[in-house]
Each structure stands twice: as C-alpha cells, then as structure tokens.
Amino acid sequence: MLLPGVDLIRALAVVAVLYSHISYYLIDDAHSDWWLVTRANFLLVDVARLNQHLAFLGVAAFMVVTGLLITRSAIRDAPGRFLVNRIGRLLPSLWLAVLLAIVLVRLGINTMFSGQDGISNGEALLSFVLGGFFAKPEVAVLQVTWTLVVQVMFYLFCVAVRPVLRSVPIAVPIIGAIVCEAMLIYNLTVPAVATVPMLSKVAATMPAIFIGQVMYLQWAKLTTWPWTVVAIVAQAEVLELATESHAYGLDDHYVRTMVVVALAVLLLAKNNSAIARSAIVRWLGTRSYAIYLLHTLILYRTYEWTVDFIGQNAAIVTFLVVTGLAAEALYRWVELPGSRWISVRFGAKSPAVSRVSSNHVLVPGATRQGRREVVDGGS
C-alpha cells in the first residue's frame, strides 16, 4: 500500500505542535500575544471550534499515522522483531533528549514541566523509562514524552493480541476501545488514592491510534464496511467518555478535533502532489520526531533571551531556526545510527527492509536502492 502523503501529514502535525506550544506559552505563561496566534484563534478556535491553542491536533495526527503505519508490521513481524524495530526507532533520541532535559534543569536553565524545584537521581533514572508519568505527583522533566507512553502501550497491546490481529484483525481496535473505556471508568470510580492519572491520558489518546489502525485494515481489505463502522463507533464512545470525564483537561471540542484529524489523514495519506513530494515537507516529515522531542527544551529560554533585543517575530524565528538545527543533528547523528545499531545488534531485519515494513511508503524519483525512507510512527 503506497502512502506518499505520510510526510505531508507529519509536516502539518509537527507545525501544529509547534504552534500549540508557542500559543500556550505566549498567552498563558508570558501573558502576551502574537499576530499569528490572534488570527489562528479566530479562524481555527472561534470559527472551526477546535481546541484552544490547537491542543491535541498535532498529537492526534501523529497517533493516527502510528496506527496506520504500524499495524502491518504488528501482523507480519514476530513479536520480538516487532518490538526491537519499534524501540530502535524511538529509544536513542528519547534518551538523549531526556538527558539534555535533566542537564538543563540541574544547570538552572530550564525548570521541571511538572513543577518540582529540581529532579532527584531516582526521578532522573525513572524518566529514561517514562516512569515519571506514573508517579504521584507526576514527575515530568520532558513533558512531550508522555505520548511515547501511549505508543509503547499500543505496541505491547499489539503483541499481546497478535493471534487475534492475525486472524480477526478488526476485533483488535474494538477490544482496544473496551480496554480504554475500562481504564477511564476505573479512574472515575475508585478512590483518588488508587487512581492512576496517566491511564486516563493513555485511554483518551489511544482511540486516535485505533482509528488509524481501522483505516489500514479497511484499505488493506482486511475487514468489511459494517465492522469498520462498528470499530469507529467504539472509538467515538471512548472519545465521548474522555470528554465527559475531562481526561487531562480536554474540552468539548475534543471529538470535533479528532474528526478533523481523521478526515485530514484520509484525504492526505495517498496525496502524491508536488507539495507532498517537496524538500521542505520531506525534511519536516522525516525530522518530525526530533523536532517534537527538542522544541520545548529550546522555546522558552530562546524567546526570553532574545525578544527584548530583536523583537517578537525575530525571537520566534530564532527559536524555529535553533530547533531545526538541533533536530537535524539529532536525526543525523543519533536517530538514524542508533536505529541501525539496535537493529543489527539485536538481530532485527536490516534497516532497509525494516523501513519498508513500518511505512509502506515509496518516495517517487529516488534511486532503486535509496528510495525507501525512514518515516516511522514516531510521535
């Protein structure tokens, strides 16, 4: 299945994430404004009724793409190989980004995203395996990595239900919806001391991945339309419950945002236009994971240190340039070689084969040997 528009979706998603955090910082933290935020709020929040700051829009797009691209690998690959390929894609850059976040906190340059005065050695170690999100109170040295908890749980879920995924694949997103609803109900009904707040985040976000999975199953003709509708309705029920229970502060526009994202992915995934093939889109798509990991570490101090000297527009451009340079370095010197090393060291498929199985994307115009591109699920 050819999906030449995946990089375009990722490019738009990472732009939405960057906008979201710029908007949140300027309005809620710096108590300022920016002309682009003002216009975007009017068009996309007031008129289109998406979430304030376009919250969750970019993340939802990344999640739908994850379900769309990873399902085939989950069906085809042995569990060990599947997990090695996924971990090899995410882990090296994650660890370096977390280490950088810890160093910046301990140097007093950045602060903890969860509000603590600093981070202990134990909390730092916990952050490398995303365990801080399950602590009470939560320990977040790099807040954006919470989405990787959702992705990892999806990977483990696919491995756990692999026999079902291979025999009755459409049952998997339906089972997943039931599990997500159970997690939400658990946190709503048990005493506060026994709740696990991160479970609500996972349960409220996982439907986006399952929607992507349903898209893949339908496009691959592994299900029928009636069961596709059932699976989508099941995800909608989870989204409604997540909205009603205000899972991690979601507002009434959560379902609307998911509908917009799902329609956008449906329209763009097979887009093979000149824009989808452009160098800037390809760059943003392939570097989206690195940009996602690093941008909040760079935004706040870069803006504060430059805005009084060069003005607001130039300060935001400076942030974007610094983020782009840092993302390029992380992608070239950590993400790609780290993924290759883990694949070879732990006996997974060769990198070239692994890239095809996880993406199903052929980039037009490339050479026969070099046309397969690393654009794995990421966040």
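The values are calculated or read from the model by the stated rules, or taken from the named source; none is laboratory data. Quantities reported herein were computed from a predicted structural model and do not represent experimental measurements. Note: ideal-geometry Cβ built from the backbone for every residue, glycine included; neighbour counts use all protein chains shown.
Values computed for the structure shown
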item	result
Lone unmet requirement of (1) of a type in the set (K, R); (2) closer than 16 Å to L18 by Cβ; (3) surrounded by fewer than 17 Cβ atoms within 10 Å (Cβ to Cβ) for R287	(3)
Test: V193 is out of contact with any strand residue (DSSP E or B) (no Cβ under 9 Å at 6 or more places or on another chain), over 30 Å from H21 (Cα atoms) and at pLDDT below 95	yes
Complete set of residues in segment 131-151 that are touching a residue at least 24 places away in the same chain (Cβ under 8 Å) and assigned to a loop (DSSP other than H, G, I, E, B)	K136, E138, V139, A140, V141, L142
Residue within segment 315-325 that is free of Cβ contacts under 8 Å to residues at least 24 places away in the same chain, more than 19 Å from L284 (Cβ to Cβ) and in a helix (DSSP H, G or I) present	yes
Among (1) assigned to a helix (DSSP H, G or I); (2) among the small types (G, A, S); (3) more than 30 Å from F210 (Cα to Cα) - the single one G108 does not satisfy	(1)
Residues satisfying the stated conditions in segment 72-101, i.e. small (G, A, S) and assigned to a helix (DSSP H, G or I)	S73, A74, G80, G88, S93, A97, A101
Every residue from segment 133-146 that is crowded, with 22+ Cβ neighbours inside 10 Å and among the polar types (S, T, N, Q)	T145
Options A11, A16; residue that is free of Cβ contacts under 8 Å to residues at least 60 places away in the same chain and within 17 Å of L293 (Cβ to Cβ)	A16
Residue in segment 323-334 that is among the charged types (D, E, K, R) and either closer than 30 Å to V233 by Cβ or within 18 Å of the chain's Cα centre (by Cα) (or both) present	no
Matching option when the condition is assigned to a helix (DSSP H, G or I) and touching a residue at least 24 places away in the same chain (Cβ under 8 Å), among L69, L44, L50	L69
Segment 101-123, subset of a type in the set (A, V, I, L, M) and touching a Lys or Arg at 6+ places or on another chain (Cβ under 9 Å), residue surrounded by the fewest Cβ atoms within 10 Å (Cβ to Cβ)	I109
